[in-house]
């Protein structure tokens, strides 16, 4: 019995050490000086494109999003809004904002994935060279559309913008977690010459690629699913750090909690489903990029990783004091140290404008507060798409 518990703790400690190593490698790579390359985004041809915006009851935020996009459109570009199962004036706001509108009413099939498929079917009537997917509550910052289009056209691969929360939105710890996940980690992968995950908005795709690959989009976090499917098919996404897309965190504790639950439950489900698939495909195809994506996907949300390592460390400390051996404690302590170093590097290089050192010290309390959310994943896992209410 003692032996089984001891070696189980060793296994859990090793399991916690592996994502800690991946996180540290990504943060170290992101802290390196930027690569100088002669094939920048400006060297590629700027293709015609269609911006596709799935929108469900987004009359409040959509106007601002369209206003930011219009100056970035070139002659021949299209701007299409899918008003998906709307009960407000989303379609009217879109038309007044200069967009084409495709109205979808199918209460039995709700969610962003279905809206994207509907929009792609509309675009197929007059297909563009490139499709850029943007959420209705996001602001595409100046120059981002051009950078995404040129990088995707030059490579023939999907391109992902840097997606962050706007300054002043939500808690500083929440915004910093976004910086680590959506800026630091993909930037580290890019500087290692590796692909990134898709983030759901600010995504550019060559039209021919979307026609050849028909992944399943009706997923709680369809971005991760789509990126994995495209990578396995030979089209791993590229990260375009200079293209920035920003959004807002929902107002109110209830709305913020609902969004976090949807994001993180969806992320965990995709880890369980797509992680082994990517790993197997990488080994079968002998592709380092797929193995790197599998390793990146295996890193759980930062708060969950910290909670898990603290739990393993506490159990290992108890067994060490009982005289069972110190190996699990040593491994868990090493993993915690690596995570701490990675977070510190990310903060020093990319996060000091987002969060102060004093606020960062509150991270353990932030992680502990999210424990019920992760326990819900075991007993009350969210499987259906639910829109997050936003107020401005």
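A short reminder: the numbers here are calculations on the coordinates, not readings from a lab. None of the values given here were measured: they were computed from a predicted structure. Glycine gets a Cβ as well: all are built from the backbone with ideal geometry, and neighbour counts include every protein chain shown.
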Most packed first (mean Cβ within 10 Å per residue), the peptides 322-331, 142-151 order as 142-151, 322-331
Note the full-extension length gain between residue 7 and residue 314 as 0.36 nm times their separation in residues minus their Cα-Cα distance, in nm to one decimal.
109.0 nm
A correct Stokes-Einstein calculation for segment 41-252, using the alpha-carbon Kirkwood radius, 20 °C and 1.002 mPa s, returns a whole-number D in µm² s⁻¹ of 125
If r is the Cβ-Cβ distance from residue 74 to residue 340 and R0 is 41 Å, what FRET efficiency results, to the nearest 0.05?
0.30
Compute the distance in nm between two label points, each set 7 Å from the Cα along the Cα-to-Cβ direction, one at residue 45 and one at residue 359.
4.6
Could you tell me how far the Cα centroid of segment 105-149 sits from the Cα centroid of segment 325-344, in Å?
42
Tell me the relative contact order for the chain as a rounded percent, counting alpha carbon contacts under 8 Å between residues six or more apart.
23
Nearest 10 degrees is fine. How inclined is helix 222-232 to the longest principal axis of the chain, computing both from alpha carbons?
80
So the pair-distance distribution of the chain, from every Cα-Cα distance in 20 Å bins, comes to percents of 27, 58, 14, 1
So between residue 326 and residue 352, what do we pick up on full extension, going 0.36 nm a residue minus the alpha carbon distance?
5.7 nm
How high is the relative contact order of segment 41-252, given as a whole-number percent (alpha carbon pairs under 8 Å, six or more residues apart)?
26
Per the rule of 0.36 nm per residue minus the C-alpha distance, extending residue 100 to residue 87 adds in nm 2.8 nm
